[in-house]
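Undergrad: Please read through the structure below; I'll follow up with questions.
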Amino acid sequence: MSFDRHLSRRSFLSFSALTAASALTGCASSANTVTSGDTTIIYRSPMRLFQSPGASSVPSGAELAVMYGPIEDGGFLIPAVPYEQIDPRYYRQRVVDPTGQPPGTIVVDTPSRFLYLVQGDGMAMRYGVGIGREGFAWQGSGVIQWRQKWPRWKPPNEMVARQPELVKYSIENGGMEPGLKNPLGARALYIFSNGEDTLYRLHGNPDWRSIGKAVSSGCVRLMNQDIIDLYDRVPTKAPIVVWQ
């Protein structure tokens, strides 16, 4: 099945228009059975996550120009990503599903810096991600309890204690307003486990250079164009697993 059939309607609309003319979170940069709900997810073989991702459909240059071009969204103009400077394996693309998990499951393969959204035809959407620095990274299973467009960023008190310069964005002070400089970017998906907020998120980020690296304080970050695509595909209560 060709890649262009899976480009989001948003991407095509954004391209046409341009050519015609957080809730609590600690995410920030410093420099084998799955069920919905809060049920713990059991896996037959976690190592399946680290096998070769198999055949993929690498986007063409024209497709990449659409996928990672500038987007007007929520009153903000998200700038284009210079995708030529990013390792091609981190481009958003459909691949043969290497996880063996049920459709609709999000799997974060931390060592490989990939996020998979399992689809129903033996395939998965794969996104490149940035992850938490060693010592801050989270692992486990849960659900996407809540989703938000252009969220406010409110670093938890523990993070403010480590970085006092963030006090102006503290919970008490209302956090950082949404925008292009907000560490949560254009979208945030909030991970709960056993009914409780883990304080970790899947979120957008303005720093495309962080994709493929371990730089954030625990959360899983995507390019803004990719988190918008993922947000449109993932419903609330979607199961998620993060492996180290």
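Undergrad: So in segment 89-244, what percent of DSSP beta bridges are antiparallel if you round to the nearest 5?
TA: DSSP beta bridges in segment 89-244 are roughly 75 percent antiparallel.
Undergrad: With every protein chain kept in the model, how would you rank 64, 180 by accessible area, 1.4 Å probe, largest at the top? Walk me through the intermediate numbers first.
TA: Numbers: 64 10, 180 70 Å².
I get 180, 64, largest accessible area first.
The values are calculated or read from the model by the stated rules, or taken from the named source; none is laboratory data. Since we're looking at a predicted model, the values are computed, not measured. Side chains are part of the model used for accessible areas, which takes the heavy atoms of the whole protein and leaves out ligands, DNA and RNA. Shrake-Rupley method; radii C 1.70, N 1.55, O 1.52, S 1.80 Å.
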